[in-house]
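Read the structure below first, then the notes.
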Amino acid sequence: MTTIKTSNLGFPRIGLNREWKKSLEAFWKGNSDKDTFLKQMDELFLTAVKTQIDQKIDIVPISDFTHYDHVLDTAISFNWIPERFKHITDATDTYFALARGIKDAVSSEMTKWFNTNYHYIVPEYNKDIEFRLTRNKQLEDYRRVKQAFGVETKPVIVGPYTFVTLAKGYEQSEAKEIQKRLVPLYVQLLKELEQEGVQWVQIDEPALVTASSEDVSAAKELYQAIANELSGLNVLLQTYFDSVDAYEELISYPVQGIGLDFVHDKGRNLEQLKAHGFPKDKVLAAGVIDGRNIWKTDLDERLDAILALLSSTDIDELWIQPSNSLLHVPVAKHPDEHLEKDLLNGLSYAKEKLAELFALKEGLLSGKAAISADIQQAKADLQALKQFATGANSEQKEELNQLTEKDFKRPIPFEERLKIQNESLGLPLLPTTTIGSFPQSAEVRNARQKWRKSEWSDEQYQEFINAETKRWIDIQEELDLDVLVHGEFERTDMVEYFGEKLAGFAFTKYAWVQSYGSRCVRPPVIYGDVEFIEPMTVKDTVYAQLLTSKQVKGMLTGPVTILNWSFPRNDISRKEIAFQIGLALRKEVKALEDAGIQIIQVDEPALREGLPLKENDWEEYLTWAAEAFRLTTSAVKNDTQIHTHMCYSNFEDIVDTINDLDADVITIEHSRSHGGFLDYLKDHPYLKGLGLGVYDIHSPRVPPTEEIYKIIDEALTVCPTDRFWVNPDCGLKTRHQEETIAALKNMVEAAKQARAKQSQLV
Ligand code: GLN
Ligand code: ZN
């Protein structure tokens, strides 16, 4: 008889009403003192733990809770404090200095946590760091909860392999050495837990899912070294976000439990388990409900899946848990959420997912009948959701079914299009443009606020948007930019704007998830078939076009980005959703073209971040991602120029896809790539239209003309002149008007100088 328990890997920190964010920001602004802040954090920590206890979770995680980021916590515990922060004496001040920077020292870098939208602080290694345990947060947290509630908990810590993999500042050849040097710190930390009587610790090693089998073997030695020093503490080695290729090696680690993700593993973990069994002396912690999405679990189906897992091998003790930390989903359904009932009932956030786990445990222990009410309820809710979600428009389904190859392909190749477009657009050499948005000033935000609160009528708001658009068209003409934009003043967010106007999307009021630090986002929910309803951008774009004789570039967010920045439905594939969005946007592209817009930009900044973790899975994703883009853009005439934009330059890893998009022009961020990308282009020429960002838009600094000129001049040593564009790195919505104008002025001047030089050359 298998012992069954419920476990969790991590819980959202932010609180039901984002109290965490509010508390942090009040402290940073100096509106609350340190004692108050720490007290509030303590309360939030205990509330998160209490919620999990109340959901009857047997094994509740701690120390996933943090004041900013759990990777930063780990780095600080190991005394990984960069030199530039060493002079700070106070621990809290040091902590936030690393996270946010101080006057004379920039913050540590922040980057995406695996394939999620959570961003962690990148640990900075340097050879002078004195490795030592400055703090045992796991122990402190354990004591705190024990004192408050008298319960056992499971401290969580990032493991040595993953920690070093996520860090920077060392050569690849040094990685193993650094991991080894961390072992004594882990031993000390774990021994202290052991002495305290802690039963289980969860060591997170998600990086093992992308590790080579040699690395999985090498990392085993770290765990051997740790195991040699422990006698009573049980270690759960936790992986998530995908399967582990070196499964046999992994299950032979000298640990007492192994955590595997059975949701995001594409079925591979289960295959391995069936093929190779699972050691009887270890606990299997199985991720059985989706910790990344927001949909109610079909308990019946999950119960069968767990039973199948149990029947495939002899397991002594099974923990059922979410596939990963619930950090990536909202805390709980908010009592004031305004969504329609059938949609709301189909949702399940962190707290609700824990209740589902409890029901599953009951079902496993006492049989399906014991939870038949829960099973029926889940089925009914999911059924109602499906009904609610079914689009009335069967026409679009028909259209999708009838798509053929030619719908994904422009009729003639790029080189021929280029000639036609050059003729019809009449642009100068090295045309200048921007990426789309202009400053979202306080006035713009206030206007939107007033309109949203119905203090302003639609007409009043539109009048304001038009005035702002006109003002910026005048500015752009004054600057003598070549291809203008309307400025995107009507948009708060590049995905939300389209989601609100397409069928199939819902927007919540309270379903926040942490993106980085105190910043939280509410991803749109794709619950049904995405469909075009009516033109979304035509009015504003055409308004701008009528004000000028220059080309105004239409501006859309691409299908892959819209998908990647949303919570997608899970009853159809991501590819299908991307195609639905692509087909809807295709109609928008057509509508813009019909209205006389000759240049249309389809932004795909999130294309690369949708890459699966394992390289083997890349091709499949990249193929349909490019298809979705081409579905959006291929219906136009030959003389309509399609642009795309991405916020990164080193596109080495996806260069074939970029080509495959068959956009006439791609603009990308470049100014921070320090020439590395040009070296790449030298060896791998990119032959379609290319606009390398010539200045950094993340900083208020106004780049001098000579500096921009130099970047253009260097770029032209490797990029074909007749298809090179001059533009900033990205949209300008976060900048102020004065600096924007000043920087663009220099950019246009630099482009003109470069143009003059070119004309002398010929
Ligand atoms: N067109 C968008 C803008 O200019 C692009 C934003 C982005 O690349 N993330 O703001
Ligand atoms: Zn960008």
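The values are calculated or read from the model by the stated rules, or taken from the named source; none is laboratory data. Since this is a predicted model, take the numbers as computed values, not measurements. Glycine also receives a Cβ, built like all others from the backbone with ideal geometry; neighbour counts cover every protein chain displayed. Accessible surface is based on the protein model in full, side chains and every heavy atom, while ligands, DNA and RNA are left aside. Shrake-Rupley method; radii C 1.70, N 1.55, O 1.52, S 1.80 Å.
Measuring r between the beta carbons of Leu716 and Asp660 and using R0 = 30 Å, the FRET efficiency lands at 0.75. Sorted into 5 angstrom bins from 0, the C-alpha pair distances of the range 643-762 split as 2, 11, 22, 25, 20, 12, 7, 1 percent.
What the chain shows is 40 Å² of accessible area per residue, with the surface traced by a 1.4 Å probe over protein heavy atoms. If you restrict to DSSP beta bridges whose two residues both lie in the chain, what percentage is antiparallel, to the nearest 5? Expressed as a percentage, antiparallel bridges in the chain total about 15. Axis angle, to the nearest 10 degrees, between helix 91-100 and the longest C-alpha principal axis of the chain: 40 degrees. Along the axis of the charge dipole computed for the chain (Cβ charges of +1 for Lys and Arg, -1 for Asp and Glu, origin at the Cα centre), the listed residues Leu744, Gly363, Asn345 are led at the positive end by Asn345.
Computed from Cα positions, the angle between helix 442-452 and the longest principal axis of the chain comes to roughly 70 degrees. If you count Lys pairs in the range 398-524 whose Cα atoms are under 24 Å apart, skipping same-chain pairs closer than 8 places in sequence, the total is 9. Relative intensity of the range 460-608 on a log10 scale, I(q)/I(0) at q = 0.11, 0.20 Å⁻¹, equals -0.47, -1.21, per a Debye sum over C-alpha point scatterers of equal strength in the absence of solvent. Over the range 146-263, the reciprocal of the mean inverse Cα-Cα separation, the Kirkwood hydrodynamic radius, stands at 14.8 Å. Relative intensity of the range 418-487 on a log10 scale, I(q)/I(0) at q = 0.18 Å⁻¹, equals -0.76, per a Debye sum over C-alpha point scatterers of equal strength in the absence of solvent.
Among the protein heavy atoms, those of Glu177 account for about 100 Å² of accessible surface (1.4 Å probe, every chain in place).
Volume per residue for the range 544-686 equals 133 cubic angstrom (convex hull of Cα atoms). Note on Lys368: lysines with a C-alpha under 23 Å away, same-chain residues under 8 apart excluded, are Lys5, Lys56, Lys296, Lys351, Lys353, Lys379. Bridging of Lys341 to aspartates and glutamates at a Cα separation below 15 Å is possible for Asp381, once same-chain residues fewer than 8 apart are set aside. All alpha carbon pair distances within the range 54-190 were sorted into 5 Å bins beginning at 0; the resulting P(r) in whole percents reads 2, 9, 19, 21, 20, 15, 8, 4, 2, 0. The share of C-alpha pairs in the chain whose separation exceeds 50 Å stands at 18 percent. Compared with the dominant principal axis of the Cα atoms in the chain, helix 137-149 is inclined by about 60°.
With the convex hull of its Cα atoms as the shape, the range 38-93 has an orientation-averaged projected area of 4.7 nm².
Once R0 is set to 25 Å, what does the formula 1/(1 + (r/R0)^6) return for the Cβ-Cβ distance between Thr390 and Glu301, expressed as a FRET efficiency to the nearest 0.05?
Values: r = 20 Å, r/R0 = 0.80.
Once rounded, the FRET efficiency stands at 0.80.
Express in % the proportion of alpha carbon pairs of the range 1-100 at distances exceeding 25 Å. When every Cα pair of the range 1-100 is considered, 30 percent fall beyond 25 Å. Within the range 86-100, what residues put their amide N at less than 11 Å from the label point 7 Å along the Cα-to-Cβ vector of Lys34? Residues passing the 11 Å test: 89-95. Taking only the C-alpha atoms of the range 614-666, the Rg (one decimal) and the largest Cα-Cα distance, Dmax (whole number), read 12.0, 39 Å. Amide H contacts of Ile102 (H built 1.01 Å from N, in plane; Pro and chain starts excluded): Ser107 sit under 5 Å, all sequence-distant by 5 or more or on other chains. The accessible area of Thr734, taken with all protein chains in place and a 1.4 Å probe, comes to roughly 90 Å². Hydrodynamic radius of the range 695-762 by the Kirkwood approach over all distinct alpha-carbon pairs: 12.5 Å. Among the protein heavy atoms of the chain, carbon and sulfur supply 48% of the accessible surface, probe 1.4 Å, non-protein parts ignored.
Based on every Cα atom in the range 575-658, Rg and the maximum pairwise Cα distance Dmax equal 13.6, 43 Å.
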